[in-house]
Amino acid sequence: MNLKEFVYFFLRNKKIITALCILGLLALVSIFGPFLTSYDPLEFASAPYQPPNRQHWLGTNTFGQDLFTQTVYGLRSSLLVGLFGGGLATIIGLIIGFLAGYRGGWFDEILMMLTNILMVIPTLALLIIIAAYLPYRGVLIQSVIIGLTAWPWTARAVRAQTLSLKTREFVDLARITATRSSKIIFQEIMPNMMSYVFMVFILQFGGAILAATGLDFIGLGPTRGISLGIMLQQATLWNAIQLGMWWWVVTPGALITLVVATLYIMNTGLDEVFNPRLREM
Amino acid sequence: MNFSRPKGRDCSEVIFLRKYLLKKILIYVLTFFFAATINWAIPRFMPGNPIHFLIARFATLPESAKVLQSYFTQAFGLDRPLMEQYVNFWRAFFKGDLGISIYLYPQPVLKVILRSLPYTVLLLLPAIIVSFVIGNRFGAFVARKKYLDNIALPIFYTLTAAPYFWFGILLAWLFGVVLKVFPIAGAYSFAMTPSFSWRFVSNYLYHWILPFSSLVLVMLGGWAIGMRNMIIYELEANYSRYMEALGSSQSLIRRYAYRNAILPQVTGLAIQLGTAVAGTLTTEIVFSYPGIGYILMQGILNQDYFLIQGCFLFIIVGVLIANFIVDILYLIIDPRIRKSYTGEI
């Protein structure tokens with residue numbers, strides 16, 4: 001598929017356009033949101049237990065912290081974890097899967113053994129025991145440990161993709177004409193995998209956000225600062241719903257759901273762009 | 001026809017089954033070994049030495065710090081050479097000694113975990129099975145039905161994108177606080193003690209229904225999307241086209257498509273297990289449901305490392321056993337695996 005064709009279908013896909021608009025809007029909120037508020041996310045700003053009102057757009061919690069401020073800062077850290085954690089997982093998965101598929105032999109056997117072992121171990125369980133022993137956790141460290149544990153399925157998928165590309169005619173042709181290995185990898189195989197890698201990254205992005213939320217909720221979130229998961233954890237610990245403070249729990253969870261669902265829909269849209277068979281007729 | 005086959009067939013099938021299962025078991029044992037080693041290594045090799053950090057918190061109370069230091073040194077056996085520590089770790093493991101819980105001092109970790117395990121299993125297993133069955137049916141039903149698909153797909157996507165525990169919180173708020181029809185905390189009323197009486201079981205089910213439904217709803221979305229996509233793919237396949245050309249009814253074609261599409265879904269079941277376990281753990285916290293997830297959080301909040309590590313081992317063992325069950329299930333529903341080994345296809 002050439003670039004012109006790609007852009008044509010890309011811009012005509014309703015799913016992608018909708019998803020891009022929503023994500024763009026959320027990114028803007030997370031970047032500029034903190035400028036819209038005069039509070040600090042952890043500051044005890046005013047009276048507790050306030051439902052959404054003109055002064056506190058999303059209300060305040062049990063401690064009188066402004067929930068709008070917490071939400072925009074939390075959204076920022078969620079998107080950062082998605083970007084860094086998902087990005088790292090994609091890169092590691094890509095490298096390991098590609099090496100295993102391209103080199104083959106015992107190298108492949110060992111890497112795939114490791115991958116299969118890590119695939120069976122639930123990521124959250126692994127994250128818990130790693131995070132539990134980290135005395136200080138920031139958003140970046142959280143992204144790194146998520147990235148280091150979430151790559152196995154990507155590696156397996158990339159390996160399968162590499163194996164099928166490796167045996168195509170155009171690669172054989174390049175090899176027969178004595179093209180250098182690095183040239184084959186970067187000019188023949190990689191371009192054909194880019195679409196796939198991009199979709200993997202989107203899924204990893206969403207996965208990293210959900211994983212981080214789960215970690216935050218279970219008590220292993222960033223030790224300083226705020227995130228959407230920590231807001232939900234505090235809401236549960238301080239019995240927000242028993243006290244009828246729905247505003248404390250509805251927005252953070254709805255935002256996470258919105259981000260992840262949008263990413264999934266974008267992925268489906270991209271799938272349609274790259275695979276003509278799936279396009280709506 | 002069966003009777004015309006050589007007599008060796010049954011025998012070779014048994015040999016194959018044994019080989020297949022042994023291979024799987026070997027991989028799972030290896031995985032467990034790997035996971036347990038990680039579990040052992042992390043407190044010892046983590047940068048920043050977590051145990052020192054823990055003790056440093058008591059710096060203002062030098063007496064307590066000293067006691068804590070000697071407790072940890074003994075409990076982890078830190079004064080021994082590494083190899084010996086590692087061997088001791090396995091020895092203790094096979095004796096069922098996972099250490100003493102700090103949070104519920106002085107109860108052994110194993111006892112604490114075994115007490116909460118049934119609650120988690122009785123929540124998780126039915127949720128997985130029910131969501132798998134319903135989700136696949138829904139997905140197959142909406143596939144290639146334009147209007148229905150357009151309504152159902154966004155719903156499925158929303159369900160599967162929601163964090164499990166957030167959905168649990170919403171249900172708890174709606175049914176527990178606003179409508180006041182279901183309890184939202186605990187696995188049974190405080191006044192009761194667990195027993196097999198009708199009164200207790202009904203009370204247990206009454207508390208079980210909300211966490212169970214929230215798990216089922218979130219899991220259902222993923223299965224439905226997967227099945228919908230598979231059915232669309234299968235309906236494009238040559239055999240479906242051929243049946244259509246022969247004039248088969250749509251429902252018959254769909255039934256065949258379903259039978260083919262369910263196979264990758266069962267594989268997906270093994271892959272999704274980890275996520276489902278994670279979802280159950282967090283959902284338990286929402287409902288203060290006394291399962292593994294709840295005590296795990298207590299362990300984390302109280303820096304009870306033995307409890308955290310014990311929970312980790314139990315989660316791994318549970319997931320491995322479940323994976324093995326899925327392998328056997330796959331063997332039963334896909335005859336091609338068996339037959340390819342015994343040379344029938």
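Read the figures in this text as sums done on the coordinates, not as results from a lab. All figures in this text were calculated on a predicted structure; none of them were measured in a lab. All Cβ positions, even for glycine, are placed from backbone atoms using ideal geometry, and neighbour counts span all protein chains on display.
Summarised in one figure, the compactness ratio Rg/Rh of segment B:98-172, Cα atoms and Kirkwood Rh, is 1.23.
If you plug the beta carbon distance of B:S64 and A:K14 into 1/(1 + (r/R0)^6) with R0 = 60 Å, you get a FRET efficiency near 0.40.
Taking 7 Å steps out from each Cα toward its Cβ at B:V29 and A:L83 produces label points 4.8 nm apart.
Only lysines eight or more places from B:K24 in sequence, or on another chain, were considered; those with a Cα closer than 27 Å are B:K95, B:K339. Separation of segment B:231-298 and segment A:68-86, taken as the distance between their Cα centroids, equals 31 angstrom.
You can think of it this way: the chain between B:Q107 and B:F45 has 19.6 nm of extra reach, that is 0.36 nm per residue less the Cα-Cα gap. Packing around the peptides B:178-184, B:97-103, B:191-197, A:255-261, taken as the average count of other Cβ atoms within 10 Å per residue, puts them in this order, highest first: A:255-261, B:97-103, B:178-184, B:191-197. Seen against the Cα atoms of chain A and their longest principal axis, helix A:67-103 is set at about 20 degrees. When you restrict to C-alpha pairs under 8 Å that are six or more residues apart and normalise by the size of chain A, the relative contact order lands at 25 percent. Select from chain B the helices, each a whole stretch of DSSP H, whose alpha-carbon atoms run 30 Å or more along the helix axis and whose Kyte-Doolittle mean is at least 1.0; answer none if there are none. Qualifying helices: B:109-142, B:305-333. The mean count of C-beta atoms from other chains within 10 Å of the C-beta of residues in B:167-176, rounded to a whole number, is 4. Anisotropy class assigned to the protein assembly as shown is rounded, per the alpha carbon gyration tensor with a/c under the 1.5 cut-off.
Shown for B:D79, A:D216: other C-beta atoms within 10 Å of each C-beta, ranked fewest to most, produce the order B:D79, A:D216. Loop exposure criterion: trypsin sites (Lys or Arg not before Pro), DSSP state outside H, G, I, E and B, at most 15 other Cβ atoms within 10 Å. Applied to chain A, the longest stretch between such sites is A:55-167. Under 30 Å of direct C-alpha separation, and excluding same-chain neighbours fewer than eight residues apart, A:K15 reaches these lysines: A:K4, B:K145, B:K146. Length gained on full extension, A:Y136 to A:F186: 14.1 nm, using 0.36 nm per residue less the C-alpha separation. Label separation (A:F198 vs B:V181): 4.7 nm, computed from points 7 Å beyond Cα along the C-beta direction. Annotation: extensible slack from B:A191 through B:I333 equals 46.5 nm (criterion: 0.36 nm per residue apart, minus Cα-Cα distance). Mean residue ellipticity, 222 nm, helices only, chain A: the sum of -39500 (n - 2.57) across DSSP H runs of n ≥ 4, divided by residue count and rounded to 500, is -23500 deg cm²/dmol. A Förster distance of 41 Å, applied to the separation of the beta-carbon atoms of B:L125 and B:R255, puts the FRET efficiency at 0.90. Looking at the square roots a ≥ b ≥ c of the eigenvalues of the Cα gyration tensor of segment B:110-335, which shape do they give, rounded for a/c under 1.5, prolate if a/b is larger than b/c, or oblate? The shape class here is prolate. How would you classify segment A:173-281 from its alpha-carbon gyration tensor, with a ≥ b ≥ c the square roots of the eigenvalues: rounded for a/c under 1.5, else prolate if a/b is greater than b/c, otherwise oblate? Oblate, because a/c is 1.5 or more while a/b does not exceed b/c. Note: relative contact order over segment B:110-335, using C-alpha pairs below 8 Å and six or more positions apart, is 30 percent. Residues B:Y239, B:Y105, B:Y86 in ascending order of nearby Cβ atoms (within 10 Å, fewest first): B:Y105, B:Y239, B:Y86.
Taken residue by residue and averaged, Cβ atoms of other chains lying within 10 Å of the Cβ of B:299-306 number 2. Estimated from helices alone, the mean residue ellipticity of chain B at 222 nm is -26000 deg cm²/dmol (sum of -39500 (n - 2.57) over DSSP H runs with n ≥ 4, per residue).
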